[in-house]
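Student: Structure provided below as structure tokens; questions to follow.
The numbers here are math on the coordinates, done by the rules we state, and not lab data. This one's a predicted model, so the numbers in the text were calculated from it and none came from an experiment. Reconstructed Cβ throughout: ideal geometry from the backbone, glycine too, with neighbour counts over all protein chains shown.
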Amino acid sequence: MSGAASPVLDIRDYSLGYATGAGPFQALKQVSLAIARGRTLGLVGESGSGKTSLAWAIMRYLPANAVEGSGNLLLSGEDLRAKTPAEILNMRGRRIGMVFQDPATSLNPTMMMGQQIVEVLIRHRKLAPRAAAEVAESLLARTGIARPRDMMLRYPHQASGGEKQRVVIATAFACNPEIILFDEPTTALDVITARQIQDLFMELQEETGVAALYISHDLALVSRIAHDLAVIHHGEIVEQGAARAIFSAPRSAYARMLIASVPSPQVRLVSTAPPADAPVTLALDKATIRYGERSLLDRLLGRSQQEVVGARDVTFAVREGEILGVVGESGSGKSTIARAIAGLNPFAGSISLAGRTVNARDDIDRAYRRQVQIIFQNPDGSLNPRQRVGDIIARPLKLYGLARPGEIGERVGDLLEQVRLPRDFAARYPHQLSGGEKQRVAIARAFAAEPRVVLCDEITSSLDVSVQASVARLLVDLQARTGATCLFITHDINLVRQLAHRIVVMRRGELVDLFPVEECDAAERHPYTRSLLDAVPVAAGS
Amino acid sequence: MREILRHPTGLAGALMLSLVLTAALVGSLIAPYDPQLFHPIARLQGPSTTHWLGTDQFGRDILSRILNGAWATVSFGVTATVLGVAAGAAVGMTAGLIGGAVDNVIMRIVDGVLAVPDLLFTLLIVTVLGGGTGHAMLAVAVAFTPGMARIARSAVLSVRTREYVQAAVARGESTGYVLVREVLPNAMGPLIVEATIRVSFAIMLGATLGFLGLGAQPPSTEWGLMIAEARQFMFRNPWAVIAPGAAIAVAAMGFNLFGDALRDVMDPRGRRR
């Protein structure tokens, strides 16, 4: 290697396709990339853009139906495509490291984690077992694991997601590889843990000078981590260069659109605020939701089961026309609350809707249910695959008697137009629609009931960045027009700062903070709120 | 359907099935002889140009008897399966939807019954009720119920947690609507596949009961019964046993392979249309 001048990884005009039942599919088109020692290249693209295919191609781990086109994959000047399978095996882990999205699946569940690192060290660095164990311990210590010797004796299921990802990272760095591929390494982790892992990555990368390819869909995150940036769209690199330069002045239309879709807390989507004297539409008073009641059989057999509290003593009130953002990590109880309000979870305490108070799920009747509509995270799951879009949207109209039989078709068409879909989509089935279109149908169905409260449970998180923004705008627009109250549940803190009037912070089933969005940075914020806000990268240059 | 025909085992299954179904529907019309016509001179003959599959101990034409008996055999398999699926689906879906103690009690009973082999179970029922086609059919249906209940229950459980079902519940839909419009159409796939495969088991069970003299009674042309009747003369004319045996094999395999292919086609999302 002759220093920074010759790149560690050099991809030249590489093309890759897959043979599918419907004919050949071109996944990568003439991709060219170069990563020098000590540099991190961020590869950003939406789902299906080919970014993971590229990582597989570099690892020489292609499925049987892959068809490689022209081009070269050079690792320190050696063409990976010319290597024999045995050479490839020897190279993986030693010269190319890899960190995947989900640490739970990249570790062997039947082996102690220490053993998994030791194995790599013995195989590739030819260390004696005892020496390997010592090296492994120091590697784990370096990744910030408090008691590394202890961790080495644990199995993967005995560690948290963040700890597991640290072990995977330690393994990737174990043999001082020339390059490490990171494929969405923090997407499966909670915000705060993700931030810690990102910081760890940056430290280690600086310390070892390894070249890194960092694949992600999260532009804001990549802008913080990567020196260089490549934007991939439909298998083509549409723009590449220094990360900062692309962020401040993107040249390609696609990169501009992507950057514009990154939620930035400074850009408010909501212009109006509900009047201070607006009546309260929804109020929770000491609402508590428990999970995991013991079944009859468990009781008969004397089996004990841990009772889990999904949410404890949650109290808040939302006014008419207000958007209340609910944030928190996974398992913090935010969806649990929404499901209780929608009448899907039994609860203790009370829920008041427009002056009417219910004290148990069984008190909830159809009139209440009409006024409270819920939109779920994943439109693939929330639309019945065997019903047409028109029937799906018409159902609330029929159920609640909101339109006369002759008018239903007309109303469905109007609703489709309101969510900016063509009227003739009514005849389609959900699988003929894209993810964003499906979510629009789910939104149309919720608003068809003319609700007073709309519960949005992570409605943008299963969508691509560019689609997220348009769905969020649509929701805000509909909310303003109908005057409905909205509970917007999300883990995306930048997004909630764009559209909520007030924000609730949940942690381990408890409400820890509730504040108007303008007071995000106020001094009296709960420490947990602070750490959540700090953990989220804000797009550089915006 | 086109995908099943493209599937190699599916094609084989479909060919066998079409053969068997044709025989079942028009067999008695195209049969060269009257299946019950005694012909004392031409007894126990091997295959010839006049009797393609030979004759039995009464000189009856075996080909005609097989063609004539196809309806009895296939209708037995299909009816018994449909009854079993309907009963099993009702039991399983109830257990899956209600859950809790009801589910526990029903499923433990189902587990108990499943531990008894199908044949033994049908024999038990036929012994209690007495022989005959109707009782044999009922016995097979009852024997199928617990297995189908198990499958129906798991299909319902996996569909029940889907968000479109949750959405329907949150809308305030009645239980009947949720079950019939949201759950059932999406839980049907595995049931249909299992039912197709089970028709072949039902045919085998029916033939076995016929052979044991507990199912169809003479002079029926049911295939199991044909084997039983010809058994004593097996060494003088093996064709009288081999031909109906082969017919049973083709029918059972046809449904089985077709069911396998159906499962493969419907499995990966099953939504390609």
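Student: In deg cm²/dmol and to the nearest 500, what is the mean residue ellipticity at 222 nm of chain B if only DSSP H runs of at least 4 residues count, each as -39500 (n - 2.57), divided by the residue total? Walk me through the numbers before you get to the answer.
Tutor: Values: 10 runs with 193 residues, N = 273.
One gets -24000 deg cm²/dmol as the mean residue ellipticity at 222 nm.
Student: Applying 1/(1 + (r/R0)^6) with R0 = 35 Å to the Cβ-Cβ distance of B:Arg6 and A:Asp199, what FRET efficiency is obtained, to the nearest 0.05? Numbers along the way, then the final one.
Tutor: Working: r = 53 Å, r/R0 = 1.52.
The calculated FRET efficiency here is 0.10.
Student: Counting partner chain Cβ atoms within 10 Å of every residue's Cβ in A:375-382, what's the average? Can you show the working numbers first?
Tutor: On the way: counts 2, 6, 1, 2, 2, 3, 7, 7.
Mean partner shielding for this stretch: 4.
Student: Given an 8 Å cut-off on Cα distances and at least 6 residues of separation, report the relative contact order of chain A as a percent.
Tutor: Numbers: 1062 pairs, mean separation 82.2, N = 542.
Averaging sequence separation for qualifying contacts and normalising by length gives 15 percent for chain A.
Student: Next question, about the same structure. On a 0 to 90° scale, report how tilted helix B:133-160 is relative to the longest principal axis of chain B, with both axes built from alpha carbons and the result rounded to the nearest 10.
Tutor: Taking the Cα atoms of chain B, the angle to B:133-160 is about 30 degrees.
Student: Still on this structure, I have one more. Please arrange B:Tyr177, A:Tyr528, B:Tyr164, A:Tyr61 by counting, for each residue, the other beta carbons lying within 10 Å of its beta carbon, fewest first.
Tutor: Working: B:Tyr177 15, A:Tyr528 18, B:Tyr164 25, A:Tyr61 12.
Fewest-to-most Cβ neighbours within 10 Å comes out as A:Tyr61, B:Tyr177, A:Tyr528, B:Tyr164.
Student: Taking θ as phi - 60°, what are the ³J(HN,Hα) couplings along the stretch A:71-88 by the Karplus curve (6.51, -1.76, 1.60), each to the nearest whole Hz, with x for Gly and Pro?
Tutor: The phi angles translate into x, 10, 10, 9, 10, 6, x, 9, 7, 5, 5, 8, 6, 7, x, 5, 5, 4 Hz.
Student: Residue by residue, what Karplus-based ³J(HN,Hα) values in Hz, rounded to whole numbers, does the stretch A:491-499 have, using 6.51, -1.76 and 1.60 with θ = phi - 60° and x for Gly and Pro?
Tutor: 9, 8, 6, 4, 5, 5, 5, 6, 10
Student: Right, another one. Fewest Cβ neighbours within 10 Å first, please rank A:Met506, B:Met253 accordingly. Let's see the in-between values first.
Tutor: Working: A:Met506 24, B:Met253 18.
Going from sparsest to densest Cβ surroundings: B:Met253, A:Met506.
Student: Another question about this same structure. Non-local amide H neighbours of A:Gly42 (under 5 Å, H modeled in plane, Pro and chain starts lacking H): which ones?
Tutor: Hits under the 5 Å cutoff: A:Tyr214, A:His227, A:Asp228, A:Leu229, A:Ala230.
Student: Give me a single rounded figure for B:99-106: the average over its residues of other chain Cβ atoms within 10 Å of their Cβ. Display every interim value, and only then the final one.
Tutor: Working: counts 1, 4, 5, 1, 3, 5, 2, 0.
The shielding value for this peptide is 3.
Student: Could you give the distance between the Cα centres of the stretch A:2-77 and the stretch B:28-79, to the whole Å?
Tutor: Rounded to whole Å, the Cα centres lie 68 Å apart.
Student: Can you put B:Leu157, A:Leu258 in order, fewest other beta carbons within 10 Å first? Intermediate results must be reported in sequence, preceding the final value.
Tutor: Details: B:Leu157 17, A:Leu258 25.
By the 10 Å Cβ count, ascending: B:Leu157, A:Leu258.
Student: Using θ = phi - 60° and the Karplus form 6.51 cos²θ - 1.76 cosθ + 1.60, what ³J(HN,Hα) does each residue of the stretch A:211-227 get, whole Hz, x for Gly and Pro?
Tutor: So the J values, rounded to whole Hz, are 7, 9, 10, 10, 9, 7, 9, 9, 5, 4, 5, 5, 5, 7, 9, 8, 7.
Student: Students often get this wrong: which residues of the stretch A:43-61 have the backbone nitrogen under 11 Å from the point 7 angstrom along Cα-to-C-beta of A:Glu68?
Tutor: Residues A:57-61 qualify, since their backbone N sits under 11 Å from the label point.
Student: If you don't mind, there's one more thing I want to ask. A:Val238's amide H: which non-local residues (gap 5+, or another chain) put their own amide H closer than 5 Å, with H modeled 1.01 Å from N in plane and none for Pro or chain starts?
Tutor: Under 5 Å from the amide H of A:Val238 lie the amide H atoms of A:Val231, A:Ile232, A:His233, each far enough along the sequence or on another chain.
Student: If amide hydrogens are placed 1.01 Å from N in the peptide plane, which non-local residues have theirs closer than 5 Å to the one on B:His39?
Tutor: Long-range HN contacts for B:His39: B:Gly59, B:Arg60.
Student: If you don't mind, there's one more thing I want to ask. Using DSSP to call loops (not H, G, I, E or B), can you name the trypsin sites (Lys or Arg not before Pro) in the stretch A:381-456 whose Cβ has at most 10 other Cβ atoms within 10 angstrom? Let's see the in-between values first.
Tutor: Details: sites: A:Arg386, A:Arg388, A:Lys398, A:Arg411, A:Arg420, A:Arg423, A:Arg428, A:Lys438, A:Arg440, A:Arg445, A:Arg452; in loops: A:Arg386, A:Arg388, A:Arg420, A:Arg428, A:Arg452.
Qualifying residues, ordered by number: none.
Student: What does the charge add up to near B:Val180, with Lys and Arg as +1, Asp and Glu as -1, over the other residues with Cβ less than 13 Å from its Cβ? Could the numbers behind the result be given before it?
Tutor: Numbers: positive: A:Arg386, B:Arg181; negative: B:Glu173, B:Glu182.
Cβ neighbours under 13 Å give a net charge of 0.
Student: Report the extension gain between A:Lys126 and A:Asp79 in nm, rounded to one decimal, defined as 0.36 nm multiplied by the number of residues separating them, less their alpha carbon distance.
Tutor: Values: separation 47, 0.36 × 47 = 16.92 nm, distance 2.51 nm.
Between A:Lys126 and A:Asp79, full extension yields an extra 14.4 nm.
Student: Based on alpha-carbon centroids, what's the gap between the stretch A:93-123 and the stretch B:106-163 in Å, whole number please?
Tutor: Taking the Cα centre of each part, the stretch A:93-123 and the stretch B:106-163 sit 47 Å apart.
Student: Among residues other than A:Ala448 whose Cβ falls under 13 Å from its Cβ, what is the net charge (Lys/Arg +1, Asp/Glu -1)? Please list the in-between numbers first.
Tutor: Working: positive: A:Arg370, A:Arg395, A:Lys398, A:Arg411, A:Arg440, A:Arg445, B:Arg171; negative: A:Asp391, A:Glu407, A:Glu410, A:Asp414, A:Glu417, A:Glu450.
Net local charge, A:Ala448 excluded: +1.
Student: Still on this structure, please answer the following. Quick one: net charge around A:Phe100, please, counting Lys, Arg +1 and Asp, Glu -1 for every other residue with C-beta under 15 Å from its C-beta. List each step's numbers first, then the result.
Tutor: Working: positive: A:Lys51, A:Arg92, A:Lys164, A:Arg166; negative: A:Asp102, A:Asp183, A:Glu184.
Net local charge, A:Phe100 excluded: +1.
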